[in-house]
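FYI, it's all coordinate maths here, none of it is from the lab. Note that the coordinates shown come from a computational prediction; the quantities given were computed from them, not determined experimentally. FYI the Cβ positions are ideal-geometry reconstructions off the backbone, even for glycines, and counts take in every protein chain you see.
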Amino acid sequence: MQPNPEFLLSPEERERFERDGYFVVEGALDRAFVDDLVPLVEGIDADERTRHNSPPFDRMNHYDVIGDDPRLLKLLDWPATFHKVWGLLGWNIQLYHTHLTVNPCPPGNKTLKSNGLELGWHQDSGQLNGDLETSPRPRISLKIGYFLSDTRETGRGNFYVLPGSHLEDNFMHGERKSLPDGAVPVCVGPGDAVFFDRRLWHTGSANYWDKPRLVLFYGYSYRWLRPRDDMEVAHYLEQCDPIRRQLLGLSPTGGRGYTSPADEDVPLKAWIETHHPDA
């Protein structure tokens, strides 16, 4: 991993993340990489639909995708985004969750007028939200959504958010399938990355465009949190440097190294202190 001050978390990004619960990095992925990833994720989607006999028009989440292809490993510490991840969470972090969301082109009888936006407002992390006692609940993790399709116009399966709602433990905006006051579509293009706090109330939406909506989500958390995926990445470890091995869940000193890490458990710490001591 190469240091690059250009990609450090900016004061404006930090302020927006703390205030709104999300921000966008435009052009995080170059167009050539996006063009390489699109057929890859379409192939993953096709294989998974065949395996599970899933209908062709259903919105699908495919979990633990990072192990499916080495090109997806590149996003683990992608410079334009990963510098901002540790800028927000610090050095005791891991990748704990990846998934591919595919929202296909709709059938001919499906329209916005007849079917609506098909929203489903939620926070991430499941039971964690019910188990934690404090209010507002702690951040613990964040996600990056790498958009591979064009959602710069509404009606294309846009990601919707309620800015500032990451500080609300409960959904206080009516029905979770409705569009409440203050909700906004995040209209981004291929290669843009959306950072969001796991507590942010958010939702996908129906796609009425003639192309599928494709997004790769990478979730980062503190190392003491159990992964949400099986993390089938053992086949990568031999080729990985120490920082990637940390991010993929290794702890050289054993189980205690997740809660009381030694230097060898968290090489990212020394890397940050060496290359970006003022970050």
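Modelled this way, with points 7 Å down the Cα-to-C-beta line, the labels at R31 and A279 are 2.9 nm from one another. When exposed loop sites are taken as chymotrypsin sites (Phe, Trp or Tyr not before Pro) in a DSSP loop with at most 15 other Cβ atoms within 10 Å, the longest stretch of the chain clear of them is 58-170. Between N4 and D263, what FRET efficiency follows from the Cβ-Cβ distance if R0 is 22 Å, with the result rounded to 0.05? In this case the efficiency is close to 0.40. Pairs spanning more than 21 Å between alpha-carbon atoms, out of K110/K177; K110/K143; K113/K143; K113/K177: K110/K143; K113/K143.
The GluC sites (Glu not before Pro) of the range 42-135 meeting both criteria, a DSSP state outside H, G, I, E and B (loop) and at most 14 other C-beta atoms within 10 angstrom of the site's C-beta, are E133. Remark: relative contact order (the chain) = 29 percent; criterion is Cα-Cα distance under 8 angstrom and separation of 6 or more residues.
Separation of the range 1-25 and the range 108-122, taken as the distance between their Cα centroids, equals 33 angstrom.
In square nanometres and to one decimal, what's the mean projected area of the convex hull around the Cα atoms of the chain?
15.4
Where does helix 79-89 land angle-wise versus the long Cα axis of the chain, in degrees 0 to 90, nearest 10? In the chain, helix 79-89 runs at an angle near 80 degrees to the longest axis. So, R0 is 51 Å and r is the distance between the beta-carbons of L237 and V184; what FRET efficiency does that work out to, to 0.05? Efficiency, rounded to the nearest 0.05: 0.80. Note down the Stokes-Einstein diffusion coefficient of the range 144-270 in µm²/s, whole number, using a Kirkwood radius over alpha carbon pairs, 10 °C, and 1.306 mPa s. The Stokes-Einstein estimate is 91 µm²/s.
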